[in-house]
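Single-structure report; data block below.
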Amino acid sequence: MASRVSNYVHFETPEKPDSLITFLENHGFSNTQIVNLIRRQPKLLVLDAEKTLSPKLEFLYSIGFSRPELAKILSSYPHLLKYSLEKQIIPSFNLLRNLFQSHDKIIKAIKRHTGILVYDSESYLCPNMNVLRGIGVPESNILMLLNCQPRALLFNPVRLKEIVEEIKRMGIDSSTKKLLIAVRALRSMTKSTLEKKIDVYRRWGWSDQ
């Protein structure tokens, strides 16, 4: 295993990669998951796993993730391990707890997009929620969107404002769940991609209306 991870970072001695590998194995990571994690975040190899990584894993266990679940999440999104537990991960979790008022919904949102714990909420999540509140989207619908599609609220608020204006021009009622579907759809593509798709319908004889 150490020889496989040496493809990503050079070490004078094998102690560092060996200690990380042992640490991850002890937490239930498979060989494939370990290789995937290190390939995506090779800098983890230079950290003191017990000092730096262990508190983060213990916190994530404490909020309800099992070892198999956490191994799967972190091998897919090792980016999470780069962030401070005290300054980023815990404050983000506490924000979600205040919003959802439901532990199960928090866990589901994190599973759907683990990045929800590392985005700057003051720059993305909170401003985007305020954009939707400003056009009359019910709080329950905003939280539904956050729970089901966290990425839809974790991007540049300027772009969300543009999307909202486009949706308003379409005449979609902001109080309905149809607006959530529209946000997700327009969020998933660039303006040029949207225009190309609309052009297909125009060629079929559809009017812009």
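Okay, residues lined up against (1) within 16 Å of the chain's Cα centre (by Cα); (2) within 25 Å of M129 (Cβ to Cβ):
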| residue | (1), (2) |
| --- | --- |
| I34 | no, no |
| I38 | no, no |
| L45 | no, no |
| L74 | yes, no |
| Y77 | yes, yes |
| L80 | yes, yes |
| S92 | yes, yes |
Check: List, please: which pairs have Cβ atoms under 8 Å, are six or more places apart or on different chains, and start with a residue in region 78-104 that is hydroxyl-bearing (S, T, Y) and end with one that is part of a loop (DSSP other than H, G, I, E, B)?
Finding: Y83/V118; S92/V118; S92/Y119; S92/S121
Check: Tally time: how many residues in region 144-169 are touching a His at 6+ places or on another chain (Cβ under 6 Å) and either surrounded by fewer than 20 Cβ atoms within 10 Å (Cβ to Cβ) or under 17 Å from R133 (Cβ atoms) (or both)?
Finding: 1
Note to self: Considering only residues that are farther than 12 Å from I116 by Cβ and of a type in the set (D, E, K, R), which ones fall in region 147-164?
What the structure shows: R159, K161, E162
Check: Can you tell me which residues in region 179-209 are open to solvent by 80 Å² or more (accessible area, probe 1.4 Å) and within 23 Å of the chain's Cα centre (by Cα)?
Finding: I181, R184, S188, K191
Notebook entry, point to check: Which condition number in (1) farther than 23 Å from L99 by Cα; (2) in contact (Cβ under 8 Å) with a residue 40 or more places away in the chain is the one that N147 fails?
Noted result: (1)
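The values are calculated or read from the model by the stated rules, or taken from the named source; none is laboratory data. Please read these numbers as outputs of a predicted model, since none were measured by experiment. All Cβ positions, glycine included, derive from the backbone under ideal geometry; neighbour counts span all protein chains shown. Just the protein is used for accessible areas: all its heavy atoms, side chains included, with ligands, DNA and RNA removed. Shrake-Rupley method; radii C 1.70, N 1.55, O 1.52, S 1.80 Å.
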